[in-house]
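Contents: one structure, followed by commentary.
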Amino acid sequence: MYVIRSLTAVLFAIAVCGPIGAQEEAAQPLDQATEKFNQDRRRLIADNLQLTSAEEERFWPLYDRFQKDLSFLLEKRRVLIAEFGENYDQMTDAMARKLLTDRLSLEEDRARLKKAYLPKFEKILPIKKLARYYQIESKISASVEAGIAQELPLIK
């Protein structure tokens with residue numbers, strides 16, 4: 001669980017401080033933090049899945065595609081957080097509605113993506129191992145979301 005908590009801090013930094021006109025000097029540490037997060041995440045998954053060599057050979061390329069697709073959703077979330085921050089002091093009803101509907105759409109997109117990858121992962125992993133992988137992803141995601149929620153103020 002310690003690894004998941006430390007991953008939360010890194011992903012929060014990525015979510016909030018991403019490339020929103022970030023200064024050149026801030027980009028390199030952020031890139032390093034992102035790389036470390038991805039390495040830690042991968043190690044956590046590997047340690048908990050205990051893949052056979054045959055499973056590894058097929059799992060990791062699909063995992064990489066899944067993470068790439070997921071990164072588009074994470075970027076959308078980062079943009080939503082930035083919009084929230086930019087409009088926090090002057091939040092209108094229209095902006096609050098947009099942020100809310102965009103956030104709900106993002107959650108639906110994430111669920112749809114996980115569901116779309118399920119049959120692909122099923123061809124590679126036994127169902128119990130696949131369920132464990134999805135549990136790990138859910139725990140990481142929940143931990144990250146909790147960290148972000150803790151840092152973001154409520155709408156006024």
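Some observations on this one:
- For the range 109-131, a residue qualifies if it is surrounded by fewer than 16 Cβ atoms within 10 Å (Cβ to Cβ) and more than 14 Å from the chain's Cα centre (by Cα), and the qualifying residues are ARG112, LYS115, ALA116, LEU118, PRO119, LYS120, GLU122, LYS123, PRO126, ILE127, LYS128, ALA131.
- Matching entry among ASP40, ASP47, ASP69 (being open to solvent by less than 70 Å² (accessible area, probe 1.4 Å), acidic (Asp, Glu) and modelled with pLDDT of 95 or more): ASP69
- Residues of the range 60-96 that turn out to be more than 19 Å from the chain's Cα centre (by Cα) and in a helix (DSSP H, G or I), as a count: 7
- Residue in the range 88-104 that is within 19 Å of PHE37 (Cβ to Cβ), surrounded by 15 or more Cβ atoms within 10 Å (Cβ to Cβ) and either touching a Leu at 6+ places or on another chain (Cβ under 7 Å) or in contact (Cβ under 8 Å) with a residue 40 or more places away in the chain (or both) present: no
The values are calculated or read from the model by the stated rules, or taken from the named source; none is laboratory data. The structure displayed is predicted, hence computed values, not measured ones. Cβ coordinates were reconstructed from backbone atoms using ideal geometry, including for glycine residues, and neighbour counts include every protein chain displayed. Quick note on the areas: whole protein, heavy atoms, side chains included, nothing else; ligands and nucleic acids left out. Shrake-Rupley method; radii C 1.70, N 1.55, O 1.52, S 1.80 Å.
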